[in-house]
Amino acid sequence: MYIEKRILSIKDTQRISIFVSIVLLLLFIVLLFAFWNIQVLKCDYYKTLAIKNIYREIEIKAQRGLIVDRKNNIIAENRLNFSLFLIRKSIKDFEKTIKFINLVTNIDKEKILNRINKYKGYPGSYSIPIKKNLSLDKVIYIKSRFDEFPEFKIAIEPTRLYPYKRIGSHILGYMGEITLKELNREKYRTYNLGENIGKSGIEKQCEEYLRGINGVQIVLKDNLGRIQKVLSEKNPKIGKKIVLTIDWDIQEYIEEIFKDYIGSIGVVDLGTGGIIAIVSKPNFNPESFSGFLGIDEWNELINNPNKPLTNKFIQGLYSPGSVFKIVMALVGLQEKLINTSTVVNCYGSVKIYGRTFHCWNTSGHGPMDIYNALKNSCNVFFYTLGKKLNIDIIAKYARMLGLGSQTNIGLPNEKLGLIPTRSWKLEHLHQKWFPGETISVSIGGGLLNVTPAQVLLMISTVALRGNMPQLHIVKRIEENGKIVSTFKPIFKHVPIKRKIFEILIEGLFRAVNDEGTGRAAKVKGLDICGKTGTQPIISKENPNYERLTKIYRFKAHSWFASFAPRNHPEIAVVVFVEHGGDAGAVAAPIAAKIYKKIFE
Amino acid sequence: MNDYLKYLDKFTFIVIIIISLSGILLIYSVSQSLEQSYYLKQLLWLSISLIAFFIVLRIKTEFVFRSSLALFVILGIILSIQLIAGQIVSGTKSWLKFGFVGVQVSEFIKIPIALCIANILSKIRIIDWFTFCKLMFLLGIPFLLIAVQPDLGTAFILTSFIIISILLKRIKLSIIFVSIMFVIIGSFLSWNYILKPYQKNRIISFFNPEKYSQSSGYQIIQSKIAIGSGGLNGKGYLKGSQSKYKFLPTRHTDFVVSVLGEEFGFIGVSFLFLLFFILFYRQFNFKSKTDREFYFVYLFNFFILFQFLINVSMSIGLFPILGIPLPFVSYGGSSLLSFFIGEAIIFKIKINNYLEI
């Protein structure tokens with residue numbers, strides 16, 4: 001038996017017990033207070049953190065609205081594609097990440113850095129788009145390394161697809177990533193960096209309709225970000241459908257016959273003012289913008305002297321040349337300076353204000369009345385008319401017919417052109433107007449600058465005997481098969497007597513059908529009326545004229561403005577060929593083919 | 001045997017059982033997300049522990065004290081063998097495998113240590129250098145053996161024996177001064193040469209968890225979120241999002257209190273604390289027949305208290321994360337069994353008081 005000599009007295013142990021009990025009580029009170037502080041006082045704070053841990057809102061990208069032509073052919077649609085995103089906050093080793101992106105996407109390291117830097121102002125959890133249109137093998141490769149690179153995210157995103165590729169590229173335009181500058185605009189208030197917007201064409205013009213409404217999925221996630229439960233889902237809403245007035249069969253046909261030219265063609269339905277085709281050459285493939293365009297591809301588009309990205313139909317500015325004689329004839333008749341019995345003798349040139357002005361037919365046309373002057377495009381007749389006119393009156397009527405102002409056809413960045421007046425010249429060139437300039441203007445030269453669209457509007461107004469149609473390209477907008485809005489044809493009356501238009505039309509009819517300058521446009525049974533325009537780049541007085549006009553860039557521009565049939569006009573066509581040379585030989589036959597195709 | 005049961009402190013015993021069962025309740029909750037039936041294993045271990053408890057209750061206290069040194073030596077040898085084996089066969093953990101169950105020897109050595117220290121303290125009036133060396137020897141060897149496993153948490157807890165010894169006995173001042181110097185030098189050396197980066201990170205992040213919220217501070221923050229978001233009433237049993245969606249680390253062992261706080265709220269936490277308070281209060285207030293019995297009860301109870309305080313403080317960020325389980329509650333058979341054996345000795349000592357010997 002163990003007998004111990006006790007050192008501690010009963011009192012000692014009791015004292016210790018009491019002391020320990022008090023300390024114990026205090027300890028537990030402190031602990032409880034610490035838990036009270038977290039669980040009761042700061043409860044809301046931690047509750048939000050707990051919710052932040054598990055709840056995630058996932059944006060589901062909406063598809064962009066379709067674009068279809070007047071026959072419901074789909075010309076812009078969407079394809080689902082894999083895109084690579086980077087989430088900055090999850091990056092472990094920045095260098096490694098950049099290296100990996102470079103390896104997978106072949107994008108320059110510097111470009112990747114620039115890209116990421118652009119998103120500085122965005123939260124670290126924002127998904128920065130790095131690469132679109134990822135191929136399946138790359139997707140698999142990246143996914144296989146997710147453990148190593150948790151900062152990457154692959155999402156399925158709708159990407160724009162243009163089934164007709166280059167056809168109608170200037171009508172459709174192209175898509176591109178929104179820039180920082182664009183983001184600051186009121187129009188793009190609801191957009192975020194990394195989103196795609198329409199950059200030109202209908203894609204830009206109808207951005208607000210085409211853009212869908214993104215869906216949201218609220219999910220519960222675990223600590224590794226794996227989705228455990230979908231709590232709610234709001235489906236994305238596809239953008240509205242844009243129905244164009246374009247007839248894609250005709251568009252395709254014209255692009256085919258025009259493929260070797262540089263220039264522009266516009267075809268309008270005179271019954272409504274709806275555009276049937278707009279061609280601008282050279283064109284581009286809008287799909288190449290849907291991903292990230294390669295530097296070389298972009299440089300080629302930007303530096304090409306023929307400006308493939310410019311829609312020459314509304315953005316190309318050219319002298320109208322002899323096409324302007326239609327306007328001159330109208331001015332002369334309306335101002336009663338000429339009538340149907342006025343005859344001018346053409347000897348190949350005429351001396352006005354001490355300077356000799358040449359006719360294109362150097363041997364002279366002989367006696368010309370207004371009909372034959374239009375038919376033969378006689379310069380001398382119009383020089384003589386021009387001498388009687390002042391520029392401000394010419395400008396007034398030119399504007400009345402739609403020249404020198406936007407047609408508001410419904411495509412972005414349309415050019416104004418220029419119909420000069422005396423006050424304009426004084427204001428912008430700080431010079432007086434010289435009467436000789438009026439003579440140049442009277443055959444469509446000088447300071448005159450118009451777009452093919454304006455010429456199309458002018459010829460349409462003539463064709464409709466003074467009823468100026470509102471040119472347009474969007475026929476209607478639909479949502480879920482229901483029409484949201486429809487374009488109602490608008491015609492504006494030009495205050496000029498019908499009789500005068502009939503005189504002009506007779507001249508234009510003869511130009512095509514009576515061995516005039518536009519005879520190459522003649523199609524049996526169609527009663528096409530038209531006016532050629534061969535606008536020289538260099539003067540005939542130039543000693544090297546013969547030699548230089550063989551060089552492409554010194555060749556004259558060719559115009560042909562026309563409509564058909566004569567009495568109940570249905571279609572107007574404007575053909576413009578850059579440096580095409582003789583309009584009668586180049587532009588007119590192209591128009592003939594188009595009429596044949598449309599009326600066949 | 002009937003006498004034992006008659007004088008057994010049934011109230012405290014029931015408190016311990018309730019604490020253990022509440023542990024199993026929490027382990028069941030987290031077993032769902034861990035996809036392992038830890039609660040069944042724990043239930044099995046509780047049964048083993050109860051059997052062990054009643055076996056130990058039958059052993060004479062005198063025998064327990066007498067065999068304590070031998071027990072200490074045996075367990076020390078096993079620990080050493082394990083350590084050497086671990087060096088040779090890499091990956092060998094601090095477990096001894098008995099069929100399907102693994103036993104963590106380091107959990108058990110605290111019992112012979114407490115017994116030996118109680119023996120020593122009962123024979124002296126003041127801790128002199130000689131006694132101090134004996135104490136350091138008793139603690140130092142297991143401390144090192146466990147620390148290099150490396151199981152710093154378990155090793156660290158052993159220091160509680162020194163603290164309570166100093167508090168219970170008078171000690172030579174020179175020892176205190178020298179010890180403090182040793183602690184300072186030791187901390188400096190271990191910080192620079194011994195501690196692994198992750199261990200250092202734990203300590204650094206303790207002082208600034210928000211800065212390391214993605215890495216080493218993650219555990220502290222997630223634990224605080226779990227407890228804080230539980231609020232007054234808790235989110236309900238099995239409904240804790242922090243544990244269900246795996247944001248809480250080691251939620252079946254070190255952070256079991258966080259699960260309790262999240263699912264049962266402040267009320268649940270207070271209830272468990274009340275049970276622990278009763279346990280400690282009852283075990284500290286007793287009449288002892290001998291000094292060594294008195295010292296053992298204090299040493300062992302204080303050890304449990306120390307572990308309890310560190311675990312709980314850790315879960316709300318008041319103490320660095322050391323990887324120490326909550327006594328009786330956290331998953332871990334060895335821990336549970338060792339505490340039940342220790343408690344059995346305490347209960348036995350309390351029974352002795354009523355028995356005429």
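The values are calculated or read from the model by the stated rules, or taken from the named source; none is laboratory data. In this text, all values refer to a predicted model and were calculated from it rather than measured experimentally. Glycine gets a Cβ as well: all are built from the backbone with ideal geometry, and neighbour counts include every protein chain shown. When the accessible area is computed, the model is the full protein with side chains, heavy atoms only, and any ligands, DNA or RNA have been set aside. Shrake-Rupley method; radii C 1.70, N 1.55, O 1.52, S 1.80 Å.
Side notes on the structure shown:
- When segment A:446-479 is filtered for residues that are within 29 Å of the chain's Cα centre (by Cα), within 24 Å of A:Thr421 (Cβ to Cβ) and part of a loop (DSSP other than H, G, I, E, B), the ones remaining, listed by number, are A:Leu447, A:Leu448, A:Thr451.
- Residue match in segment A:213-235 (condition: surrounded by fewer than 16 Cβ atoms within 10 Å (Cβ to Cβ) and within 20 Å of the chain's Cα centre (by Cα)): no
- Where a residue in segment B:169-197 is hydroxyl-bearing (Ser, Thr, Tyr) and its partner, wherever it lies, is open to solvent by 90 Å² or more (accessible area, probe 1.4 Å), with Cβ under 9 Å and at least six apart: B:Ser174/B:Trp129
- Taken together, the residues in segment B:270-287 that are more than 10 Å from every other protein chain (Cβ to nearest Cβ) and either farther than 20 Å from A:Thr13 by Cα or outside any helix (DSSP H, G or I) (or both) amount to 3.
- Odd one out for A:Ile16, checked against (1) open to solvent by less than 50 Å² (accessible area, probe 1.4 Å); (2) without any contact (Cβ under 8 Å) to a residue 12 or more places away in the chain; (3) facing chain B (nearest Cβ under 7 Å): (3)
- The condition (being surrounded by fewer than 20 Cβ atoms within 10 Å (Cβ to Cβ), more than 17 Å from the chain's Cα centre (by Cα) and modelled with pLDDT of 95 or more) is satisfied by just one residue among B:Leu274, B:Leu355, B:Leu318: B:Leu274.
- In segment A:437-461, the residues that are open to solvent by less than 10 Å² (accessible area, probe 1.4 Å) and of a type in the set (Ser, Thr, Tyr): A:Thr438, A:Ser442, A:Thr451, A:Ser460, A:Thr461
- Within segment B:63-111, the set of residues being at pLDDT below 80, under 21 Å from B:Ile157 (Cβ atoms), open to solvent by less than 70 Å² (accessible area, probe 1.4 Å) and part of a loop (DSSP other than H, G, I, E, B) comprises B:Ser94 only.
- Out of B:Gly332, B:Gly323, sole residue that is open to solvent by 10 Å² or more (accessible area, probe 1.4 Å), touching a strand residue (DSSP E or B) at 6+ places or on another chain (Cβ under 8 Å) and closer than 18 Å to B:Ser258 by Cα: B:Gly332
- Yes/no for A:Tyr55 being touching a Leu at 6+ places or on another chain (Cβ under 9 Å), open to solvent by 60 Å² or more (accessible area, probe 1.4 Å) and within 13 Å of chain B (Cβ to nearest Cβ): yes
- Subset of segment A:421-445 (residues that are over 23 Å from A:Ser539 (Cα atoms) and not in a loop (DSSP other than H, G, I, E, B)): A:Arg422, A:Ser423, A:Trp424, A:Leu426, A:Glu427, A:His428
- Looking across segment A:36-50 at every residue that is hydrophobic (A, V, I, L, M, F, W, C) and open to solvent by 90 Å² or more (accessible area, probe 1.4 Å), the one that is farthest from the other protein chains (Cβ to nearest Cβ) is identified as A:Leu41.
- Conditions (1) open to solvent by 40 Å² or more (accessible area, probe 1.4 Å); (2) touching a residue at least 40 places away in the same chain (Cβ under 8 Å); (3) within 30 Å of A:Lys593 (Cα to Cα): number failed by A:Ile246: (1)
- From the list A:Ile302, A:Ile326, the lone residue that is surrounded by fewer than 17 Cβ atoms within 10 Å (Cβ to Cβ), not polar (S, T, N, Q) and not in a strand (DSSP E or B) is A:Ile302.
- Lone qualifier among B:Leu299, B:Leu322, B:Leu318, B:Leu337 - being at the interface with another protein chain (Cβ under 9 Å from one of its Cβ atoms) and either among the aliphatic types (A, V, I, L, M) or touching a helix residue (DSSP H, G or I) at 6+ places or on another chain (Cβ under 7 Å) (or both): B:Leu318
- Any helices (runs of 4 or more DSSP H) falling wholly within segment B:146-249 and containing at least 3 residues that are away from chain A (no Cβ under 14 Å): B:152-168, B:173-189, B:197-207
- Subset tally (residues that are more than 29 Å from A:Lys241 (Cβ to Cβ), open to solvent by less than 70 Å² (accessible area, probe 1.4 Å) and among the hydrophobic types (A, V, I, L, M, F, W, C)) for segment A:73-106: 8
- Taking the listed residues A:Ile128, A:Ile140, the one that is open to solvent by less than 10 Å² (accessible area, probe 1.4 Å) and not in a loop (DSSP other than H, G, I, E, B) is A:Ile128, with no other qualifying.
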